[in-house]
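The values are calculated or read from the model by the stated rules, or taken from the named source; none is laboratory data. Worth saying up front: this structure is predicted, and the values here are computed from it rather than measured. As a convention, Cβ positions derive from the backbone with ideal geometry for all residues, glycine included, and neighbour counts pool all protein chains shown.
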Amino acid sequence: MRRLVLTCCLLLAPLVAHADGIRAHCARVGDDDTIRSYDPALRGELTAAFQRLFPGAPTPERRMLRVQTHLRCMGGYVLACFTGANLPCGKLNTAPTNTGADTWCRANPEADNVPAFATGHGSAFTFRCHAGKAEVSGKTFPLDSRGFAASLWTPLD
């Protein structure tokens, strides 16, 4: 029995150390905009974070968490974001100009809306066309103080 307990502890130690590692890193540096990928040691907390961000959605499968989870540090805490259609986890581009929107507007001079496939999913702004030129028409997401979509990131428990 003692050997079994020791074996289990040795096998689980790297997972616990890695999870504690990102927490310790975030506590030490405060803010770190480096996006890290899924950590299996955080699976339970990531599942809870996913359900907080997307209430009523089915519990994510392990594969989905592994592929769509992104982690970063802000204010000393570990934050999680889950990519999906039109859900950018990277820093958003805050430039009020957009090459894709410019191209779209030359072909669609009075379009009320420039689609995200033309602007890219990382723009902080939405665009419309007027006289063949792109102009900002709104914001895609409110930004946090680091330039990320605030509503897509949540701290882990």
**Asked** So which residues in region 57-78 are in a loop (DSSP other than H, G, I, E, B) and of a type in the set (A, V, I, L, M, F, W, C)?
**Response** 57
**Asked** Does residue 3 count as more than 18 Å from the chain's Cα centre (by Cα), loosely packed, with under 11 Cβ neighbours inside 10 Å, on the phi < 0 side of the Ramachandran plot and modelled with pLDDT of 95 or more?
**Response** no
**Message:** Give me the residue from region 58-81 that is among the hydrophobic types (A, V, I, L, M, F, W, C) and free of Cβ contacts under 8 Å to residues at least 40 places away in the same chain and, out of that set, nearest to residue 35 (Cα to Cα).
**Reply:** 67
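Residue by residue, here is whether (1) touching a residue at least 12 places away in the same chain (Cβ under 8 Å); (2) of a type in the set (A, V, I, L, M, F, W, C); (3) on the phi > 0 side of the Ramachandran plot holds:
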site	(1), (2), (3)
111	yes, yes, no
129	yes, yes, no
135	no, no, no
154	yes, no, no
**Asked** How many residues are touching a helix residue (DSSP H, G or I) at 6+ places or on another chain (Cβ under 8 Å) and among the basic types (Lys, Arg) when one looks only at region 66-121?
**Response** 1
**Complete:** The condition from (1) surrounded by fewer than 15 Cβ atoms within 10 Å (Cβ to Cβ); (2) modelled with pLDDT of 95 or more; (3) small (Gly, Ala, Ser); (4) more than 30 Å from residue 24 (Cβ to Cβ) that residue 57 misses is numbered (2)
**Item:** Conditions (1) part of a helix (DSSP H, G or I); (2) surrounded by fewer than 18 Cβ atoms within 10 Å (Cβ to Cβ): number failed by residue 105
**Value:** (2)
**Asked** Are any residues in region 108-150 surrounded by fewer than 16 Cβ atoms within 10 Å (Cβ to Cβ), among the polar types (S, T, N, Q) and not in a loop (DSSP other than H, G, I, E, B), and if so, which ones?
**Response** 137
